[in-house]
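What follows is a short report on a single structure.
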Amino acid sequence: MASKTILDTKKLGTKSLLQSDALYQYILETSVYPKEPQCMKELREITAKHPWNIMTTSADEGQFLNMLIKLINAKNTMEIGVFTGYSLLATALALPHDGKILAMDINRENYEIGLPVIEKAGVAHKIEFKEGPALPVLDQMILDEKTHGTYDFIFVDADKDNYLNYHKRLIDLVKIEGVIGYDNTLWNGAVVAPPDAPLRKYVRYYKDFVLELNKALAADPRIEICQLPVGDGITLCRRIC
């Protein structure tokens, strides 16, 4: 039964950098699944049937995001890269009734897979979804100084080759003491893989972009950072100036 459960975890597209599947399963079954809201479980199971389910946020990372939103008392947030909306739902559930999320993704069809669950959870009113590339939207926002420093929390789980481009813009939009979270910053462990390692084509392609981002974030004097081995690696950036 235990091995079957671990296999199902992989099918769900969850990601872990722990060397032991059994240890990761222990975390899920002991601390994550018992506390997971029913609506998030439902969306996770729906997403598991999607051919690209590996793109979803893992259940433990969803729990982490939900807790983080509450700890920093976030109210105005942004998410770049939505997929079916698991992380979006985790955020929406954590926000107060009048909280807001500007959510952007190039694929509305995937978002609409999770939308009925989000609506049933009673949090759809918090979400403004925009279909299309995020960079043009961010460029327009940057032109309006009223948007500068207005976001409490921003989560980025999108095209890795644009992460630095996002950061150049988001640093002006997040408030001082606000947080930006970049997902996949350990990139399947490929960040420490030797050059001749047998990596999947897409992992190899984006590896250098992730490495470049990590180096840039560590050198950015405007932020404090904390990189965590949750999911596929998430780096939190707290703006300090």
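The values are calculated or read from the model by the stated rules, or taken from the named source; none is laboratory data. Because the structure is predicted, anything quoted here is derived from the model rather than measured. A quick note on method: Cβ atoms are made from the backbone with ideal geometry, for glycine too, and the neighbour counts reach across all protein chains shown. Note: areas computed on protein heavy atoms with side chains; ligands, DNA, RNA excluded. Shrake-Rupley method; radii C 1.70, N 1.55, O 1.52, S 1.80 Å.
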Neighbours by Cβ (under 8 Å, 6+ apart or cross-chain): first from the range 48-70, assigned to a loop (DSSP other than H, G, I, E, B) and open to solvent by less than 20 Å² (accessible area, probe 1.4 Å); second among the basic types (K, R) and modelled with pLDDT under 95: S58/K15
Subset tally (residues that are closer than 22 Å to D232 by Cα, among the hydrophobic types (A, V, I, L, M, F, W, C) and not in a helix (DSSP H, G or I)) for the range 71-105: 6
Residue that is nearest to the chain's Cα centre (by Cα), among those in the range 44-63 that are aliphatic (A, V, I, L, M), under 24 Å from W187 (Cα atoms) and modelled with pLDDT of 95 or more: A59
Selected residue (criterion: nearest to T147 (Cα to Cα)) from residues of the range 82-102 that are open to solvent by less than 10 Å² (accessible area, probe 1.4 Å) and not aliphatic (A, V, I, L, M): G99
Given (1) touching a strand residue (DSSP E or B) at 6+ places or on another chain (Cβ under 6 Å); (2) on the phi > 0 side of the Ramachandran plot, number of the condition R239 does not satisfy: (2)
Search result, residues across the range 71-81 that are within 11 Å of D152 (Cβ to Cβ) and either open to solvent by less than 10 Å² (accessible area, probe 1.4 Å) or polar (S, T, N, Q) (or both): N73, A74, N76, T77, M78
Wholly enclosed strands (runs of 3 or more DSSP E) of the range 126-241 bearing at least 3 residues in contact with a Ser or Thr (Cβ under 8 Å, 6 or more places away or on another chain) and surrounded by fewer than 21 Cβ atoms within 10 Å (Cβ to Cβ): 223-228
Some residue of the range 74-95 being out of contact with any Ser or Thr (no Cβ under 9 Å at 6 or more places or on another chain) and β-branched (V, I, T): yes
Given (1) under 29 Å from C241 (Cβ atoms); (2) free of Cβ contacts under 8 Å to residues at least 12 places away in the same chain, number of the condition P116 does not satisfy: (1)
I106 closer than 21 Å to V179 by Cβ, among the aliphatic types (A, V, I, L, M) and within 17 Å of the chain's Cα centre (by Cα): no
